[in-house]
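Below is one structure, written out as structure tokens, with a few remarks after it.
The values are calculated or read from the model by the stated rules, or taken from the named source; none is laboratory data. These numbers were taken from a predicted model, which means no experiment stands behind them. We place every Cβ from the backbone using ideal geometry, glycine too, and count neighbours over all the protein chains shown.
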Amino acid sequence: MFWKSQKFRVLFSNIVPEIFFSSSNDFRKHFGDRACLFGSFFSEFFDTEDTETIRVVFGNVDVEDRVRLVSGRCFFEHFVFSSRKDNWHLAVMCLREATLFKEDREMLQKTFMRFLPETEDVDIFLRKVKWEGFFERFDVSDANAPNKGRPELQTLTSNKICSTEFY
């Protein structure tokens, strides 16, 4: 199948950034909504470790969509899969690109820890300890957080998280 071929993956990785750079805000919003609900495009980006395209997507959607993207089931599945392949850098990069506030990071961690038992058939206690350590290492001081004076970077509330979360 063409879409699974290396040629397609290279073509796809080249086209997506171009589309994002030249597209309207409505298209970016639609892309974010679709990726949040289905994660279909991000599967390719994670499988090929296409960090550049992931950065382009996160850099061209609004703050609310970034938080929704990393807070949904599809991204949680990508995080777990990446950790199994020892590709932690992909999860770290996505969280950094999302530029989360401390409150958003805490909410994301709680939501993810509730999701984790659904994905693991090994010792869940050990996996939780591993992921808690990951979030602790990732957690940066408020001094490194985005500028809180910018209105578009206001802390997001739980009602703005993707509809695929796990409460």
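Values for this structure:
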read-out: Residue in the range 97-108 that is under 29 Å from Asp26 (Cβ atoms), among the small types (Gly, Ala, Ser), modelled with pLDDT of 80 or more and surrounded by fewer than 16 Cβ atoms within 10 Å (Cβ to Cβ) present; value: no
read-out: Single residue of the range 109-147 satisfying the filter (of a type in the set (Gly, Ala, Ser) and modelled with pLDDT under 75) that is surrounded by the most Cβ atoms within 10 Å (Cβ to Cβ); value: Ala145
read-out: Scan of the range 21-35 for residues that are assigned to a helix (DSSP H, G or I) and touching a helix residue (DSSP H, G or I) at 6+ places or on another chain (Cβ under 9 Å), ordered by number; value: Phe21, Phe27, Arg28, Lys29, Phe31, Gly32, Asp33, Arg34, Ala35
read-out: Test: residue in the range 38-50 that is closer than 24 Å to Gly133 by Cβ and either among the aliphatic types (A, V, I, L, M) or not in a helix (DSSP H, G or I) (or both); value: yes
read-out: Subset of the range 51-85 (residues that are of a type in the set (S, T, N, Q) and in a helix (DSSP H, G or I)); value: Thr51, Thr53, Ser82, Ser83
read-out: The listed residue being crowded, with 21+ Cβ neighbours inside 10 Å and either small (Gly, Ala, Ser) or in contact (Cβ under 8 Å) with a residue 40 or more places away in the chain (or both), out of Phe46, Phe79, Phe42; value: Phe46
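Residues are listed down the side, and each one gets a yes or a no for (1) modelled with pLDDT of 75 or more; (2) aliphatic (A, V, I, L, M):
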{"residue": "Ser13", "(1), (2)": "no, no"}
{"residue": "Val16", "(1), (2)": "no, yes"}
{"residue": "Ala35", "(1), (2)": "no, yes"}
{"residue": "Ser40", "(1), (2)": "no, no"}
{"residue": "Val70", "(1), (2)": "yes, yes"}
{"residue": "Ser83", "(1), (2)": "yes, no"}
{"residue": "Asp86", "(1), (2)": "yes, no"}
